[in-house]
Amino acid sequence: MQKVLDWLNNLEPKRRKQLYLVAAVVALLLGVLLSNSSAPKPEAATEQPGSEFTVSGEIFIHVVGEVSNPGLYELDYGSRVRDVISAAGGFTEDAVQSSVNLARLVSDGEQVVILAESQMAVSGGDGFISLNRATSSQLETLPGIGPALAGRILAYREEIGSFASVDQLREVTGIGSKLFEQLKDNLTL
């Protein structure tokens, strides 16, 4: 050890700094490699009687509506709506596939709703307006909704892919509790 220390002391200061820098980089890389190799691997969810978990992963998604096997699914982080549909056994015959954005990323705790044609009315005789299909002018027929607010609703819908529930409208800037109470009975997905 003494010979190594003597050798280091005899080096030029510039060379010594370079050597220390290289040693620090090597130590850092070794630390990163060792920490990644010892990280626990996610385990697959085990299927138990009465359990609806079918896929391994890190997030939980509740899928309802027109899919073969509605229920709660555990999926990998980074999954998309198409992965949720696949885990739930695919669309039923009555499903309107365009009622959801299949490419949209899903997040933990989300509910994905697959609609039937009967639920897709844009503005039928019953007075309902579909949050997922209405145009700006159709939204403007609702009490308290002008062009600016209709535009924010459409921008929010585009951002999230589709509304999963009417209550989600509250997340749009400008829709307060009082306005939402006036609108909710006139809305459908």
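Arranged by the count of other C-beta atoms within 10 angstrom, fewest first, what order do 79, 98, 86 take?
Neighbour counts put them in this order, fewest first: 98, 86, 79.
Arranged from highest to lowest average of other beta-carbon atoms within 10 Å per residue, in what order do the peptides 178-186, 132-140 appear?
132-140, 178-186
Residue separation times 0.36 nm, minus the C-alpha to C-alpha distance between residue 25 and residue 12: what's the value?
2.7 nm
Under 15 Å from the Cβ of residue 94, count the other residues' Cβ atoms, weight Lys and Arg +1, Asp and Glu -1, and hand me the total.
Cβ neighbours under 15 Å give a net charge of -3.
Classify the stretch 127-181 as rounded, prolate or oblate from the Cα gyration tensor: take a ≥ b ≥ c as the square roots of its eigenvalues, call it rounded if a/c is under 1.5, otherwise prolate when a/b beats b/c and oblate if not.
Cα axes put the stretch 127-181 in the rounded bin.
Excluding residues on the same chain fewer than 8 positions from residue 17, give the aspartates and glutamates whose Cα lies under 17 Å from its Cα.
Of all the aspartates and glutamates, those that pass the test against residue 17 - Cα under 17 Å, at least 8 places apart if same chain - are 6.
Laboratory data are not the source of any read-out in this text; all were calculated from the coordinates shown. Only a predicted model underlies this, so the values are computations on that prediction, with no experimental measurement involved. Cβ atoms come from the backbone with ideal geometry, glycine included; neighbour counts cover every protein chain shown.
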